[in-house]
Amino acid sequence: MFLDNYLHQFDGCGRVTLVGPVLGRGLQAGDVGEPVVWVDGGVNHRWGDVGFSVGDGDSSEFPLDHYLSADKDCSDLAYVLGRVAGVRGVDEVVLLGFLGARRDHELFNLGEVHHFLAAAATPTRARFDDCVVGYSKGRWRFQARALFSLAAFAPTTVTLTGACDYPLPEPTPIAPLVSLGLSNRGFGEVTLTTEGPVFILKPAYNTASPR
């Protein structure tokens with residue numbers, strides 16, 4: 001079976017979960033539901049025959065369902081996101097274990113998700129663990145009760161309103177990785193409108209609620 005065959009069993013599913021090699025905690029049966037794709041070293045956290053595993057094998061300790069060439073011109077994650085893009089009705093991708101190891105891998109993982117969101121035909125969200133959420137073009141609401149930053153990987157225009165210290169009530173151009181969106185603070189529901197993909201980053205060290 002190839003990844004496309006596996007994924008298309010779940011057309012209309014809404015959410016796809018991808019598990020990578022940098023998982024901070026062990027998953028237990030029932031933690032995530034299908035469809036779930038174990039991306040290369042993510043298979044080290046697999047239980048039973050749940051989901052589908054794919055990669056070039058450079059970080060996997062167990063056999064994969066499908067092997068990619070080590071000489072390919074994209075990452076394992078980029079390959080999987082390209083296949084997910086062809087599944088009907090997916091509006092959320094949950095990515096577990098793709099942040100926190102090599103800095104170059106982390107940066108390029110974010111970049112590949114940016115491109116995935118930029119190509120989305122309908123509003124789509126991508127969540128990295130509990131600390132980064134990417135949003136495609138559209139109008140979104142999210143809860144923010146601590147520090148957060150807003151970043152873009154390509155020029156876009158955003159408005160940010162609601163319960164935050166530094167709103168952007170008028171459409172505001174945002175350049176790639178400009179610090180305009182750095183270190184905001186939320187205290188309730190925030191509404192984001194964006195003409196292109198943006199990321200909301202929540203500092204991992206921040207666990208306190210604002211005063």
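The values are calculated or read from the model by the stated rules, or taken from the named source; none is laboratory data. Because the structure is a prediction, the values reported are computed rather than measured. For neighbour counting, all protein chains shown are included, and Cβ atoms are generated from backbone atoms with ideal geometry for every residue, glycine included. Note: areas computed on protein heavy atoms with side chains; ligands, DNA, RNA excluded. Shrake-Rupley method; radii C 1.70, N 1.55, O 1.52, S 1.80 Å.
Here V93 clears all of (1) touching an Asp or Glu at 6+ places or on another chain (Cβ under 9 Å); (2) closer than 23 Å to S59 by Cβ; (3) of a type in the set (A, V, I, L, M); (4) open to solvent by less than 10 Å² (accessible area, probe 1.4 Å) except the condition numbered (1).
The single condition among (1) surrounded by fewer than 17 Cβ atoms within 10 Å (Cβ to Cβ); (2) touching a Pro at 6+ places or on another chain (Cβ under 7 Å); (3) in contact (Cβ under 8 Å) with a residue 60 or more places away in the chain that P155 does not meet is (3). Which one of these is modelled with pLDDT of 95 or more and out of contact with any strand residue (DSSP E or B) (no Cβ under 7 Å at 6 or more places or on another chain): S149, S179, S209? Result: S179 is the single residue among S149, S179, S209 that is modelled with pLDDT of 95 or more and out of contact with any strand residue (DSSP E or B) (no Cβ under 7 Å at 6 or more places or on another chain).
Taking (1) among the polar types (S, T, N, Q); (2) surrounded by 15 or more Cβ atoms within 10 Å (Cβ to Cβ); (3) out of contact with any Gly (no Cβ under 6 Å at 6 or more places or on another chain); (4) modelled with pLDDT under 95 in turn, S60 satisfies each apart from (3). Pairs are defined by a Cβ separation below 6 Å, a sequence spacing of at least 6 or placement on different chains, a first member in segment 51-70 that is closer than 15 Å to V19 by Cα, and a second member that is of a type in the set (F, W, Y) and open to solvent by less than 40 Å² (accessible area, probe 1.4 Å); the pairs so defined are G51/W38; F52/Y6; S53/W38; D65/F52. Within the set A78, A118, A101, A70, the sole residue that is under 15 Å from the mean Cα position of the chain (by Cα), hydrophobic (A, V, I, L, M, F, W, C) and over 22 Å from E195 (Cα atoms) turns out to be A78. Can you tell me which condition F98 does not meet? The list is (1) within 30 Å of S53 (Cα to Cα); (2) touching a Gly at 6+ places or on another chain (Cβ under 6 Å); (3) outside any loop (DSSP other than H, G, I, E, B), and all the others hold. Here F98 clears every test but (3). The condition of being within 21 Å of D11 (Cβ to Cβ) and either basic (K, R) or in contact with a Gly (Cβ under 9 Å, 6 or more places away or on another chain) (or both) holds for only one of V32, V43, V84, that being V32. Annotation: of all residues in segment 1-50 being without any contact (Cβ under 8 Å) to a residue 40 or more places away in the chain, of a type in the set (A, V, I, L, M, F, W, C) and in a loop (DSSP other than H, G, I, E, B), the one that is surrounded by the most Cβ atoms within 10 Å (Cβ to Cβ) is V50.
Part of a helix (DSSP H, G or I) and open to solvent by 50 Å² or more (accessible area, probe 1.4 Å): which single residue out of R88, R83 fits that description? Only one candidate passes the filter, namely R83.
Those strands (runs of 3 or more DSSP E) of segment 146-194 in which at least 1 residues are over 23 Å from L110 (Cα atoms), considering only elements entirely within it, cover 156-164, 168-174, 184-194. When segment 50-78 is examined, which residues are found to be in contact with a helix residue (DSSP H, G or I) (Cβ under 8 Å, 6 or more places away or on another chain) and hydroxyl-bearing (S, T, Y)? Matches in segment 50-78: S53, S59, S60, S75. Restrict the check to segment 124-138 and report whether at least one residue is outside any helix (DSSP H, G or I), modelled with pLDDT of 95 or more and aromatic (F, W, Y). Yes.
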